[in-house]
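Colleague: Attaching a single structure in structure tokens format; questions to follow.
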Amino acid sequence: MTDTTPTETADDTAGVDRPWLDASLPAEERVELLLAEMTLEEKAGLFFHTMIAMGQDGGLAETDTVFGLPSNRDLVLERRMTHFNLLGVAPTPGAMARWHNAVQELAASTRLGIPVTISTDPRHSFSDNPGAAMLAGPFSQWPDTLGLAATRDPELVERFADIARQEYTAVGIRVALHPQVDLATEPRWSRQLQTFGEDPELTSELAAAYIRGFQGASFGPGAVSTMVKHFPGGGPQKDGEDPHFEYGREQVYPGGAFELHLKPFEAAFAAGVRQVMPYYGMPVGTEYEEVGFGFNKSVLTGLLRERYGFDGIVCTDWGLVTDADFAGQPFPARAWGVEHLTREERMIKILDAGADQFGGEACPELLVELVRAGRITEERVDVSARRLLREKFLLGLFEDPYVDAEAADRIVGSEPFRAAGAAAQRAAIAILSHRDGVLPFAKGVRLYVEGIPTDVAAAYGEVVASPAEADIAVLRLKAPFEERSNGFEAYFHAGSLEFAPDVVAHVQQVAAAVPTVVDVFLDRPAILGPITDAAHAVTGNWGASPEAVLDVLSGAAEARGRLPFDIPRSMAAVAASRADVPFDTEDPLLRCGHGLSL
């Protein structure tokens with residue numbers, strides 16, 4: 001049964017004939033019937049795809065003062081917007097479903113009743129970065145995408161995506177702002193965790209499986225539309241810096257490997273991906289215009305639309321037009337190469353480039369003004385409006401936009417789904433070095449742990465207070481990074497890959513007292529040499545619970561993970577490598593695909 005809230009009336013819907021609701025008609029015909037009825041303001045609302053917040057326990061959200069988000073009513077009723085990226089999580093899946101239904105009720109109350117499409121960044125892993133991914137919350141919890149790559153198992157990846165599809169649709173999410181198929185060819189880059197790693201062939205194979213799982217055998221009601229990113233490949237960042245920030249705006253190709261970064265997108269197109277997001281970066285030293293990819297007609301029209309024949313939705317990355325604040329701090333528009341343009345001129349250039357939606361923007365009145373002034377034609381508006389409406393029809397949103405809140409509580413985070421996620425966490429863990437036969441350790445040993453709750457460790461042995469008292473020590477570390485600021489920038493782990501001397505010294509001290517295992521969260525390929533030299537065993541993970549790690553170390557779960565990238569030997573080798581070429585650091589410590597078995 002559908003759990004909804006009472007309808008709020010924003011427009012007078014009386015007397016509006018709605019022939020586009022006839023499901024027996026082809027989607028293209030329904031689009032034209034609806035488009036002919038729409039005002040310019042209603043069309044403009046389709047073009048803006050921004051963040052939206054949930055209210056308490058399934059209610060509508062008022063204005064958000066932390067992130068500066070307008071109220072739900074403002075976005076839907078006043079701005080006539082119908083595409084939103086959901087921010088945060090609710091305490092229960094049912095609450096998320098009730099909120100979704102309340103928003104759909106708002107949309108139903110408008111003059112034409114165009115349903116809302118809810119999207120999301122990844123939300124099934126251990127990551128918490130509002131610029132990339134969110135904590136799993138009530139959803140089943142899996143390794144991050146790099147961890148899926150570490151399994152090297154297309155069937156597992158497709159199974160993950162199918163489970164994620166079921167959980168998304170249960171709460172009303174119908175667009176995945178992923179997969180991220182950028183190649184992690186610059187070891188310092190901060191966005192690797194959501195990629196499939198460094199190998200173009202593996203990335204292509206797993207990306208196709210991911211898309212199949214979300215979209216199903218045939219795209220339609222019950223599917224989740226996937227938005228592959230970041231076209232034409234966001235990995236080769238100068239010095240590994242990220243283009244969320246001005247100092248990282250340049251993408252460079254010293255190895256002439258621009259075409260190689262297109263390979264995973266070709267696999268995504270062959271798998272039927274529905275939507276594409278270009279990245280912020282601007283290409284330097286190529287045949288393409290040196291402006292951010294969202295503004296880049298030579299890339300979006302010449303390459304994506306014409307060469308590849310892509311006629312799906314193109315949505316820019318967030319915030320190309322308007323300067324903003326993030327949690328009270330200034331966050332300028334990522335208008336790289338066109339910083340000098342006005343907001344209006346940026347919007348014109350994005351549409352001329354071939355994009356359909358402005359990600360992270362909520363200013364449809366600006367688009368209306370540009371059309372009224374004759375600077376953008378309504379015919380151009382209609383081209384994108386057709387694509388955006390077609391997706392809503394094909395997803396079945398006009399037939400039934402609502403979800404069952406009681407069913408959401410049963411489906412999302414169900415025991416079988418959680419068990420599958422937990423099994424994937426274990427399968428992704430890679431044993432990178434091992435000596436002296438310390439693994440697997442026997443249950444019941446005296447355990448010294450760091451980074452593992454003592455109550456969890458107690459299920460595997462007697463927890464002791466110091467290395468000197470232990471039979472084995474297990475230390476959990478995170479890959480190193482340089483702290484940049486306390487704001488949005490702090491979420492992006494960039495800079496040096498070397499462990500601080502005090503960290504290395506601590507591992508050496510513990511390992512001198514007791515056989516020691518170090519487990520490292522490898523969101524980037526850390527310089528592991530000092531750690532592997534000191535510790536008796538080193539494992540890598542990309543999102544794993546303490547129980548998953550201890551199960552692998554104790555032999556209760558098989559060690560199956562393999563590295564999804566090379567592990568460099570030194571920062572000098574990283575600095576000397578070509579940012580666009582995979583496997584280019586000299587004499588790496590460990591090769592992509594490395595992983596030991598017990």
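Colleague: What about LEU447, is it under 14 Å from THR516 (Cα atoms), over 32 Å from the mean Cα position of the chain (by Cα) and either of a type outside the set (Val, Ile, Thr) or assigned by TED's automatic domain parsing to the domain that holds ALA95 (or both)? If you could, list the steps in order and put the result at the bottom.
Modeller: Details: under 14 Å from THR516 (Cα atoms): yes; over 32 Å from the mean Cα position of the chain (by Cα): yes; either of a type outside the set (Val, Ile, Thr) or assigned by TED's automatic domain parsing to the domain that holds ALA95 (or both): yes.
For LEU447, the condition - under 14 Å from THR516 (Cα atoms), over 32 Å from the mean Cα position of the chain (by Cα) and either of a type outside the set (Val, Ile, Thr) or assigned by TED's automatic domain parsing to the domain that holds ALA95 (or both) - is met.
Colleague: Cβ-Cβ under 7 Å, sequence separation 6+ or interchain: first residue in segment 350-368 and in contact (Cβ under 8 Å) with a residue 12 or more places away in the chain and in the same structural domain as ASP311 (by TED's automatic domain parsing), partner in a loop (DSSP other than H, G, I, E, B) and of a type in the set (D, E, K, R). Which pairs?
Modeller: The qualifying pairs are GLY359/ASP317; ALA362/ARG79; PRO364/ARG79; PRO364/ARG80.
Colleague: Next question. Which residues, taken from segment 82-97, are out of contact with any Ser or Thr (no Cβ under 7 Å at 6 or more places or on another chain) and part of a loop (DSSP other than H, G, I, E, B)? Please lay out each step first, then the result.
Modeller: Initial filter on segment 82-97 (out of contact with any Ser or Thr (no Cβ under 7 Å at 6 or more places or on another chain)): 87-97.
LEU87, GLY88, VAL89, ALA90, PRO91, THR92, listed by residue number.
Colleague: Still on this structure, I have one more. Say we look at segment 298-353 and pick out the residues that are surrounded by fewer than 23 Cβ atoms within 10 Å (Cβ to Cβ) and in contact with a Cys (Cβ under 9 Å, 6 or more places away or on another chain); which of these is nearest to HIS49 (Cα to Cα)?
Modeller: Taking the candidates together, the pick is THR322.
Colleague: Additional query: Looking at segment 234-252, I want the residues that are within 19 Å of ARG484 (Cα to Cα) and have a partner that is hydrophobic (A, V, I, L, M, F, W, C) and assigned to a loop (DSSP other than H, G, I, E, B) with Cβ atoms under 6 Å, at least 6 apart or on another chain. Which pairs are those?
Modeller: Close Cβ pairs (under 6 Å, with a partner that is hydrophobic (A, V, I, L, M, F, W, C) and assigned to a loop (DSSP other than H, G, I, E, B)) amount to GLN237/TRP189; GLY240/TRP189; ASP242/PHE492; ARG249/TRP336.
Colleague: Can I ask one more? Can you say whether PRO453 is surrounded by fewer than 15 Cβ atoms within 10 Å (Cβ to Cβ), in contact (Cβ under 8 Å) with a residue 24 or more places away in the chain and either in the same structural domain as HIS536 (by TED's automatic domain parsing) or among the small types (Gly, Ala, Ser) (or both), as far as the supplied structure shows?
Modeller: Details: surrounded by fewer than 15 Cβ atoms within 10 Å (Cβ to Cβ): yes; in contact (Cβ under 8 Å) with a residue 24 or more places away in the chain: yes; either in the same structural domain as HIS536 (by TED's automatic domain parsing) or among the small types (Gly, Ala, Ser) (or both): yes.
Here the answer is yes, as PRO453 does meet what is asked.
Colleague: Something else about it: Is it the case that segment 504-514 has a residue that's part of a strand (DSSP E or B), surrounded by fewer than 22 Cβ atoms within 10 Å (Cβ to Cβ) and either at positive phi or touching a helix residue (DSSP H, G or I) at 6+ places or on another chain (Cβ under 7 Å) (or both)?
Modeller: Start the filter on segment 504-514 by keeping residues that are part of a strand (DSSP E or B), which leaves none.
Within segment 504-514 (the criterion being part of a strand (DSSP E or B), surrounded by fewer than 22 Cβ atoms within 10 Å (Cβ to Cβ) and either at positive phi or touching a helix residue (DSSP H, G or I) at 6+ places or on another chain (Cβ under 7 Å) (or both)), the answer is no, since none of the residues qualifies.
Colleague: Filter segment 458-476 down to residues that are under 20 Å from GLN509 (Cβ atoms) and among the small types (Gly, Ala, Ser) and give me whichever is surrounded by the most Cβ atoms within 10 Å (Cβ to Cβ). Walk me through it before giving the result.
Modeller: In the first step, residues of segment 458-476 are kept if they are under 20 Å from GLN509 (Cβ atoms); the result is 463-476.
Remaining after also requiring among the small types (Gly, Ala, Ser): 465-466, 468, 470, 473.
On the way: ALA465: 9, SER466: 11, ALA468: 10, ALA470: 23, ALA473: 25.
Applying the filter and picking the extreme gives ALA473.
Colleague: Is it fair to say GLY58 is touching a helix residue (DSSP H, G or I) at 6+ places or on another chain (Cβ under 8 Å), crowded, with 17+ Cβ neighbours inside 10 Å and in the same structural domain as ASP352 (by TED's automatic domain parsing)?
Modeller: Numbers: touching a helix residue (DSSP H, G or I) at 6+ places or on another chain (Cβ under 8 Å): yes; crowded, with 17+ Cβ neighbours inside 10 Å: yes; in the same structural domain as ASP352 (by TED's automatic domain parsing): yes.
Yes.
Colleague: On the basis of being at pLDDT 95 or above, outside the structural domain of ARG123 (by TED's automatic domain parsing), out of contact with any Lys or Arg (no Cβ under 8 Å at 6 or more places or on another chain) and of a type in the set (A, V, I, L, M, F, W, C), does MET38 make the cut? Quick ask: steps written out before the conclusion?
Modeller: Details: at pLDDT 95 or above: yes; outside the structural domain of ARG123 (by TED's automatic domain parsing): yes; out of contact with any Lys or Arg (no Cβ under 8 Å at 6 or more places or on another chain): yes; of a type in the set (A, V, I, L, M, F, W, C): yes.
The answer is yes for MET38.
Colleague: Inside segment 169-199, can you point out the residues that are part of a helix (DSSP H, G or I) and over 20 Å from TYR280 (Cα atoms)? Explain how you work it out, then say what you get.
Modeller: First pass over segment 169-199, keeping only residues part of a helix (DSSP H, G or I): 169-171, 192-194.
Once the filter is applied, which keeps residues that are part of a helix (DSSP H, G or I) and over 20 Å from TYR280 (Cα atoms), segment 169-199 yields THR169, ALA170, VAL171.
Colleague: Something else now. Only residues that are part of a strand (DSSP E or B) and closer than 16 Å to GLU361 by Cα: list them for segment 317-337, please. Let's see the steps before the verdict.
Modeller: First, pick out the residues of segment 317-337 that are part of a strand (DSSP E or B): 324-326, 329-331.
If the condition is that a residue be part of a strand (DSSP E or B) and closer than 16 Å to GLU361 by Cα, then ALA324, ASP325, PHE326, PRO330, PHE331 are the ones that fit.
Colleague: Checking the structure you have, find out if any residue of segment 548-561 is at pLDDT 95 or above, among the hydrophobic types (A, V, I, L, M, F, W, C) and surrounded by fewer than 21 Cβ atoms within 10 Å (Cβ to Cβ).
Modeller: For segment 548-561, residues at pLDDT 95 or above, among the hydrophobic types (A, V, I, L, M, F, W, C) and surrounded by fewer than 21 Cβ atoms within 10 Å (Cβ to Cβ): present.
Colleague: Could you say whether any residue in segment 136-146 is under 30 Å from LEU193 (Cα atoms) and assigned to a helix (DSSP H, G or I)? Lay out the reasoning, then the answer.
Modeller: Of segment 136-146, the ones under 30 Å from LEU193 (Cα atoms) are 136-146.
Next, from what is left, pick out any that are assigned to a helix (DSSP H, G or I): 145-146.
Yes, there is a match, as at least one residue in segment 136-146 is under 30 Å from LEU193 (Cα atoms) and assigned to a helix (DSSP H, G or I).
Colleague: Let me ask something else. Taking interchain pairs and intrachain pairs at least six residues apart, which have beta carbon atoms under 7 angstrom, with the first residue in segment 563-584 and within 19 Å of VAL284 (Cα to Cα) and crowded, with 23+ Cβ neighbours inside 10 Å and the second modelled with pLDDT of 95 or more and small (Gly, Ala, Ser)?
Modeller: ASP580/GLY255; ASP580/ALA257
Colleague: Kindly list, by first and then second residue, each pair from a residue in segment 62-81 that is more than 25 Å from ALA385 (Cβ to Cβ) to a residue that is charged (D, E, K, R) and part of a helix (DSSP H, G or I), limited to pairs with Cβ atoms under 8 Å and residues at least 6 apart or on different chains.
Modeller: Short answer, once both residue conditions are applied: THR63/ASP74.
The values are calculated or read from the model by the stated rules, or taken from the named source; none is laboratory data. Since we're looking at a predicted model, the values are computed, not measured. Note that we place each Cβ from the backbone using ideal geometry, even for glycine, and neighbour counts take in every protein chain shown.
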